[in-house]
Structures are given as C-alpha cells and as structure tokens.
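Worksheet: one structure, shown below.
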Amino acid sequence: MKFILKHLALLPLMLSTAAFAADGAEWHFDLGGSLTREHYPSGSLTTAEALLNPSVSVGDLQLYAEAPYYGKEVNFSGTLNIYGPLGRLLGTRTVSKSERFEGIGDIVVGGDYRLPIADDNVLALAGMNYKFDNGDEKQLLGSGSRDLSLTLDGRYRWQKVDFKAGVGHTWIDYTTSNAPSDDYTYWSAGLAVQVNDPLRLSVTWSDQQSIAGVKTNQSAVNFGADLELSNMLSVNAGYSRYEKSAQKGQPESAATIGVNWSL
C-alpha cells in the first residue's frame, strides 16, 4: 500500500501539468476564512483557518489544491480527537489546558471529473485527492500521515431542492509512527434548499467506518446556511451535532462561521 500511495500521489501533479498546456483552461482562486468551536464534555477546541484554494477546469475535469493555515486554542485536559476535511478523523492527541498552536496544515491536491450524464438535473462527480503530511502533528496541525482518497458524489435537482449523496474511501500511510497502514470508508446524504437568490439552507447526515486504533462513533447531523453577497463574496455558517459516544475525546457539537472570496 505504501508503494501505491507514493506513486498515485504523483497523478494529480501530472494532471495539473497537463492543464497548464491545455487550451480553454479556466483558472480560479478562492481565499476562505473560518472560525470553528468544538465542544467536548470537559473542554473545547477553537480553530481559526485561512484556506488558499486555487483550481483549474478543463472541460469536465477540475484540478485543485488546498493549503490551510491554522490557529488553534485548546481549553481541554485529556484525550482529544482531531478532525480534518470532510469530517475525517486525523488522530487522537493528549493535551493540557490552554495550549495554543499556529502554522500550516496538511496540504491537499486532487481532482474531480464530471461524469457524462444527459439529464441536466443530475450531477455526478468522481474524485481523487492526496493529502501530504507537512503539518506538525504535535501541534494539532496535521495527521502524521499521507492519505489517498477516492470519492463519488451525486446530486439530483428538483425545482429549488438538491438531493445529495456521497461515498469515499481513504488509505492511510502513517509517517510519524510505526502504526501499520490503515483505511476506512465514509459516506453522507442530505438535501439543500435554495430559499431565495442569495440564501441556501442544507442538512446532511454523515458517518464513517472506524479507523483501527481510534474506534470512535463519528456519526453526525450537519446544518448549514450559505449567503451569496456577490459573485465574488459569500458567507456561511454551520452546526454539527455528533452522536453520543463513550469514546473519550469525542466532541458533542461544533459550530462554524466563515467567508469565501472567489476570483
């Protein structure tokens, strides 16, 4: 598996190189910021994130990169589960009260391909992404692993309602410990309603198979609101409620506010 992860990681980079030479490529640059507060039975974790998200589209293929910068404040004493993109469990840490960390998080590169479907109300995307291990694991900025993920996401639009579902599988190669390679599957389903031109509301249920060694119940209901202020600027808010679990370090809930600027 380590051999596969090492060589498949080069695929998004090769595709992005090809996109530079392609005619009709459309380039985009997004800059996002968010503030998330996770509540635990015995403390909280507050995360401020600035995210650089450049991308390029060539026909039905989109390639992208995600480079996060974090500021984290821990008000917690004991074991803490840390989560990353798409609700992925990055790992478990033991922390003390009132610790602060700041720095670059794990960088992700990947791509999505829009599957050819004749119905305009149906959208299906097949994706692949690779997460590097550049974030400092000891400062809660990274997972200490290189991850390769394959995803399949679908959407059906009925008037102002979008019904959505997705599934993915991640292979994990730990780089800062002697833990064996691991893998897990995650999935989600939900709907989004376009209330009016600028406002969109959504609700999603998500879950994942436990990673070996971190057997936590991560099933959650996620509520979201997006307000498009202009073609370039949007704001969003979200709230997640996790199912109760006896696993030490499992969050009870998380609240997020954010802004996204697109060029």
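Test Tyr64 against the stated conditions and say whether it is touching a residue at least 12 places away in the same chain (Cβ under 8 Å), among the aromatic types (Phe, Trp, Tyr), within 28 Å of Ser98 (Cα to Cα) and part of a strand (DSSP E or B). Against the criterion (touching a residue at least 12 places away in the same chain (Cβ under 8 Å), among the aromatic types (Phe, Trp, Tyr), within 28 Å of Ser98 (Cα to Cα) and part of a strand (DSSP E or B)), Tyr64 does not qualify. With respect to the conditions (1) in contact (Cβ under 8 Å) with a residue 60 or more places away in the chain; (2) over 23 Å from Arg241 (Cα atoms); (3) open to solvent by less than 20 Å² (accessible area, probe 1.4 Å), Ser55 falls short on a single one, namely (1).
Among the residues of the range 202-209, are any assigned to a strand (DSSP E or B), farther than 22 Å from Ala124 by Cα, touching a helix residue (DSSP H, G or I) at 6+ places or on another chain (Cβ under 6 Å) and open to solvent by less than 60 Å² (accessible area, probe 1.4 Å)? Taking every residue of the range 202-209 in turn, none turns out to be assigned to a strand (DSSP E or B), farther than 22 Å from Ala124 by Cα, touching a helix residue (DSSP H, G or I) at 6+ places or on another chain (Cβ under 6 Å) and open to solvent by less than 60 Å² (accessible area, probe 1.4 Å). Evaluated against (1) in contact (Cβ under 8 Å) with a residue 24 or more places away in the chain; (2) open to solvent by less than 60 Å² (accessible area, probe 1.4 Å); (3) β-branched (Val, Ile, Thr), Val221 falls short on exactly one condition, (1). Pro180 meets all of the listed conditions (1) surrounded by fewer than 18 Cβ atoms within 10 Å (Cβ to Cβ); (2) in contact with a helix residue (DSSP H, G or I) (Cβ under 8 Å, 6 or more places away or on another chain) but one, namely (2). If the condition is being within 27 Å of Ser262 (Cα to Cα), of a type outside the set (Asp, Glu), open to solvent by 60 Å² or more (accessible area, probe 1.4 Å) and at pLDDT 85 or above, then the range 1-50 contributes Trp27, His28, Phe29, Leu31, Leu35, Arg37.
Would you be able to say whether some residue in the range 75-94 is aliphatic (A, V, I, L, M), open to solvent by less than 40 Å² (accessible area, probe 1.4 Å) and over 20 Å from Gln208 (Cα atoms)? Within the range 75-94, none of the residues are aliphatic (A, V, I, L, M), open to solvent by less than 40 Å² (accessible area, probe 1.4 Å) and over 20 Å from Gln208 (Cα atoms).
The values are calculated or read from the model by the stated rules, or taken from the named source; none is laboratory data. Computed from a predicted structure; not experimentally measured. Every residue, glycine as well, gets a Cβ built from its backbone with ideal geometry; the counts of neighbours run over all protein chains shown. In case anyone asks, the SASA skips ligands and DNA or RNA and just uses the protein heavy atoms, side chains included. Shrake-Rupley method; radii C 1.70, N 1.55, O 1.52, S 1.80 Å.
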